[in-house]
Amino acid sequence: FALFDISSPTSIPSPTTLELGVDVYASAIDPREEFAALASNNNSQEVLLVELSSFTLDESVNVDGNDNGNAVEIFGGYLFLGSDADSEDLEIFSSGVSGWSVPSLISSTNKSGTQNVSEIDIGGDYAYFVTTNSSDELYIYDISTPSSPTYLGSIDIGGTVYGIDVEGSYAYLATSHNSRELDIIDISTKTSPVRVGSLNLSRA
């Protein structure tokens, strides 16, 4: 894990680094910039929490099963972990009164299919997460009550989705499709997302 000082973009010094002994697949910074949450391939440390002021490992989280943490996002006082677990694809942790040094698992949800969650984006009361190739690759959940996430809708993209960014009423997906590397999904009706555009990033 590396921390770069970019306060002077034309002269960036060597980074501060932290050896964690695991492969890190995703990272997220809490809104107050006190902690970084890292999703790892360590079956007993799927989430690592690094205190940024001291740049040291503060805490790790072990979730049930021998699964990797693939995606992580922090929104408000909650941490969202996407994993390999077929029965607990999305797990939600609360920071609690002690902050992120003592995270607490409050809920999990099982989407349809056995594909892995590859990335998560949170927008208000909704969680959007995407998966590797399956019958549906984009899933939308109501997380207004984080202890009880509710499935709303999903859509078949027709290929693996590597990334997602939600802005307003649209979700922008980076996909493996050879003629639709960028898919644009209208998510204004959460129970019935619809593809409204795409972009073919052809190369010579």
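The values are calculated or read from the model by the stated rules, or taken from the named source; none is laboratory data. On a predicted model such as this, the values are computed, not experimentally measured, just so you know. No Cβ is skipped: glycine too gets one built from the backbone with ideal geometry, and neighbour counts run over all protein chains shown. For accessibility, only protein heavy atoms count, side chains too; no ligands or nucleic acids. Shrake-Rupley method; radii C 1.70, N 1.55, O 1.52, S 1.80 Å.
Roll a 1.4 Å probe over the protein chains and send me the accessible area per residue for the stretch 95-204 in Å².
Numbers: 5290 Å² over 110 residues.
For the stretch 95-204, the per-residue accessible area is 48 Å².
For Kirkwood radius over Cα pairs in Å, the choices are (i) 20.3; (ii) 17.7; (iii) 18.3; which was calculated from the structure?
Evaluating Kirkwood radius over Cα pairs in Å on these atoms matches (ii).
Ignoring ligands, DNA and RNA, please state the percent of accessible area on the chain from carbon and sulfur, probe 1.4 Å.
Of the solvent-accessible surface of the chain, carbon and sulfur hold 45 percent.
May I ask which residue of SER144, THR189, ILE106 lies farthest towards the positive end of the charge dipole of the chain, with charges of +1 (Lys, Arg) and -1 (Asp, Glu) on Cβ and the Cα centre as origin?
Positive-most Cα among the choices belongs to THR189.
What's the extension gain from TYR162 to LEU18 if we count 0.36 nm per residue and subtract their Cα-Cα distance?
49.2 nm
How would you rank 135-144, 188-197, 155-164, highest first, on the average number of other Cβ atoms within 10 Å across their residues?
Highest mean packing first, the order is 135-144, 155-164, 188-197.
Placing +1 at every Lys and Arg Cβ and -1 at every Asp and Glu Cβ, with all other atoms neutral, what dipole size does the stretch 1-78 have around its Cα centre, in debye to the nearest 20? Please list the in-between numbers first.
Values: 1 positive and 13 negative charges, 43 e Å.
Once rounded to the nearest 20, the dipole reads 200 debye.
Got a sec? Charge dipole of the chain, +1 on Cβ for Lys and Arg, -1 for Asp and Glu; which of ASN178, ASN43, THR17 is way out at the positive end?
ASN178
Output the peptides 1-13, 47-59 sorted from most to least packed, where packing is the average of other Cβ atoms within 10 Å over each peptide's residues.
Result, highest mean first: 47-59, 1-13.
Can you give the FRET efficiency for LEU3 and LEU105, using 1/(1 + (r/R0)^6), R0 = 35 Å, r = Cβ-Cβ distance, to the nearest 0.05?
Working: r = 28 Å, r/R0 = 0.79.
Efficiency, from the Cβ-Cβ distance: 0.80.
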